[in-house]
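See below for the structure under consideration.
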Amino acid sequence: MTLARKQLSQTIKMKHRTRRLLSSFIAIGSITSQMAIAHPVAAQTAAYCQLPANTAKQKDDLRQAALNGNSEAQERYEDLIEEHGDWLRQCRDRVWPKTQAIWLRLYPCDARPGAMDAVLDRIVNKGYNQIHVEVFYDARVLLPANDNPTTWPSVARTPETRDADLLAMAIEKGRDRGLKVYAWAFTMNFGYAYAQRPDRQQVLARNGKGQNSLSVVHDGSQAFIDPYNPQARNEYYQMVQSVAQRRPDGMLFDYIRYPRGTGNASVAAKVQDLWIYGEASLQTLYQRGLNNQGRALIQSFVRKGSVSASDIETAQRRYPQERTPNWQGRNLSSGNSRGAIQSQLWNLAVAHAAQGVIDFLSLATRPLEQANIPAGAVFFPDANQAVGQQGYDSRLQPWDRFPTSLEWHPMAYAVCGNTNCIVDLVQQAVRQAPNQQVKIIPALAGYWGRRDGKRPSLEEQMAAIRQQVPRINAVSHFAYSWQEPKDDSQRRSCRF
C-alpha cells in the first residue's frame, strides 16, 4: 500500500472512530457538567471521582452486548473504557486523594470472558485509580498452573483454567482503564496447607513450648514460618521473582510479623513466648555470641528462660581465657551481675526476633529492586509496642525500622465510635517515619455512605485524615469484597 493510501485509510478510520465516540463524549460531558453543579449528590460524586449511575450502566450494557457478539458494541465499549480512564486520571489530578486504591482478591471464575472486565469497571466507577491484587494467600499463588515454578498450588488449577494468568490479565486490563495494578502478598504467613506438609515442619516458626502458630492463632489457619530458615527464604524469593516477571506497578507485603494469640498469648513477656525456637533461628541466635562464654549463656537462657549465678560461674570456669561473656549489642560497661546479664539476654532475644522480620522483608523486596518495581510494607501501627515492664506485643512487627525506600501502608483499622483512633494510628506512622520522603498510604476499612458498627464511613475517615494529617495524599480501602459482597460471592462460585 502506498503512503497516500495509508493516510487515506487512517483518515477514514478516524472519522468512523469519531462517530462511534459521540455517545461516549456525551456521557463524559454529562460527568463534567455534574461536577460544576452545586447539587449535594453531584458534588459528592465529583468529590470522590465516582461515575454517575447512568454512565456506569451504559458501559455495563455495552460490555454485555459485546459478550453476545455485537462488534459495534465492542468498539463503543473499548472507546468508553479509554475515555473513562482519561477522565479518572484528570479527576485524580484535581481531587484529594491523588491515589485511591482498593484491595482485591481474584478467583478462577474471573478467567471467564468478560468477568474481569466487569469487576474492574465497577472499581473505576467507584473512583479508584489503583488496585492491590492478592497474589499469595492461604497457601495459594496467583500464577497459571501451567507456569508456576513455586512450591504453592495455583489459585486457578481446573483443566479449563490451567493456562489462565489472572495477574497478567488484571495488569493489562487494569492499565487499559487507567488503573495502577499492585500485587499484594502474604509474607511470613505461608498458609495452613503448607503447614500440613511433613517435609516442611522444620520451616515453621516455633515458640519455647514447641508450638507452631496453628495452635495459637484463633482461626487456626495462619502458618507462620521461621524467617531465618533458608528453605522458606528461597521459596518465597522464587515466588516474588515470578510475580515480578509480570511487571506489576508495585508489590505490597503483608503479614511481615509473627502471629498474635489471644489473652496472655498476645504478649511476649519471657523468652519462651518468642517465635525463635525454629532450628534456623536458634542457630543464628547462638552465632550472635561473640565468645564462648556468651554463646554458653545464650544457650542456657533460651533453654531455661533465665540464667543463674551458677550458669555464669560455669561459663567463666570453662573459658577462663575470656574476661567477660559477650554477644552482639551487649553493653560491657553494665557489668557481669546476674540481673544485668539476664536483662541484656532478653533484649538480645527480642532484637533477634525482630531482626528476622526485617531481614525477611529485605530478601522479599530484592527481586523488585532489581526490576525497578516499587515495593511497600503493610503493618499494624500498634504491633511494635512495649507492654508492661518488659513485655512486647507478640507480633513484634518492627515497622519503624522498615526501609524508608519502601511505601509504608499502616492499617488504620481501629474502632472507637469516631475517627479519633483511626487518625491516631495514621499520625503514629507519620511521627515515627524518619523523614518526610517516606510515602505513607493508610489502609482504611469500612463502607461508602454508612457506618460499620462503631466504625465511621469511608467518607468520614478520609475527611478526618485530610484535615488532621495534611501530609497524606493517598489511601486504600479494604476491601472490594466488603463493598460488593454479592458480586464477590457470585465471582467466587461462578454464578454470573
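The values are calculated or read from the model by the stated rules, or taken from the named source; none is laboratory data. As the structure is a computational prediction, the values presented were derived from the model and not from experiment. In this analysis, Cβ positions are derived from the backbone assuming ideal geometry, glycine residues included, and neighbour counts consider all displayed protein chains. Remember, those area values only see protein heavy atoms, side chains included, never the ligands or the DNA or RNA. Shrake-Rupley method; radii C 1.70, N 1.55, O 1.52, S 1.80 Å.
Summed over region 142-169, residues that are part of a helix (DSSP H, G or I) and farther than 15 Å from Gln238 by Cβ total 6. Restricting attention to region 464-482 and to residues that are in contact (Cβ under 8 Å) with a residue 24 or more places away in the chain and open to solvent by 30 Å² or more (accessible area, probe 1.4 Å), the residue that is farthest from Asp424 (Cα to Cα) turns out to be Ser481. Elements of the type helices (runs of 4 or more DSSP H) sitting completely within region 429-496 and holding at least 3 residues that are touching a strand residue (DSSP E or B) at 6+ places or on another chain (Cβ under 9 Å): these cover 458-468, 480-483. Taking region 199-238 as the range and being under 16 Å from Glu369 (Cβ atoms) and open to solvent by less than 10 Å² (accessible area, probe 1.4 Å) as the test, only Tyr236 passes. Considering the conditions (1) in a loop (DSSP other than H, G, I, E, B); (2) modelled with pLDDT of 95 or more; (3) open to solvent by 60 Å² or more (accessible area, probe 1.4 Å); (4) out of contact with any Ser or Thr (no Cβ under 8 Å at 6 or more places or on another chain), Gln74 is excluded by exactly one of them, (1). If you check Ile102 against the conditions, is it β-branched (Val, Ile, Thr) and in contact with an Asp or Glu (Cβ under 7 Å, 6 or more places away or on another chain)? No, not satisfied. Yes or no: Leu396 under 20 Å from the mean Cα position of the chain (by Cα), at pLDDT 95 or above and closer than 24 Å to Gln50 by Cβ? When the stated conditions are applied, Leu396 does not pass them. Hey, does region 50-64 have a residue that's open to solvent by less than 30 Å² (accessible area, probe 1.4 Å), under 15 Å from Leu179 (Cα atoms), part of a helix (DSSP H, G or I) and of a type outside the set (Ser, Thr, Tyr)? No, every residue in region 50-64 fails to be open to solvent by less than 30 Å² (accessible area, probe 1.4 Å), under 15 Å from Leu179 (Cα atoms), part of a helix (DSSP H, G or I) and of a type outside the set (Ser, Thr, Tyr).
Answer yes or no as to whether Pro381 is under 30 Å from Glu460 (Cα atoms), open to solvent by less than 30 Å² (accessible area, probe 1.4 Å) and free of Cβ contacts under 8 Å to residues at least 40 places away in the same chain. No; evaluated as a whole, the condition is false for this residue.
Among residues of region 172-188 that are at positive phi, those with a beta-carbon under 6 Å from a residue that is open to solvent by less than 10 Å² (accessible area, probe 1.4 Å) and of a type outside the set (D, E, K, R) at least six positions away or on a different chain give the pairs Gly178/Gly85; Gly178/Leu88.
Screening Ser281 on (1) touching a Gly at 6+ places or on another chain (Cβ under 9 Å); (2) hydroxyl-bearing (Ser, Thr, Tyr); (3) at positive phi shows it passes everything except condition (3).
The requirement of being open to solvent by 60 Å² or more (accessible area, probe 1.4 Å), modelled with pLDDT of 95 or more and on the phi < 0 side of the Ramachandran plot is fulfilled nowhere in region 349-364; no residue meets it. Considering each residue of region 391-412 in turn, none proves to be open to solvent by 20 Å² or more (accessible area, probe 1.4 Å), in a loop (DSSP other than H, G, I, E, B) and acidic (Asp, Glu). What tally of residues in region 429-462 results from selecting those that are within 23 Å of Glu407 (Cβ to Cβ) and either in contact with a Cys (Cβ under 9 Å, 6 or more places away or on another chain) or surrounded by fewer than 17 Cβ atoms within 10 Å (Cβ to Cβ) (or both)? Number satisfying all stated conditions: 6.
Taken together, the criteria exclude Val426 from residues that are without any contact (Cβ under 8 Å) to a residue 60 or more places away in the chain, assigned to a helix (DSSP H, G or I) and surrounded by fewer than 19 Cβ atoms within 10 Å (Cβ to Cβ).
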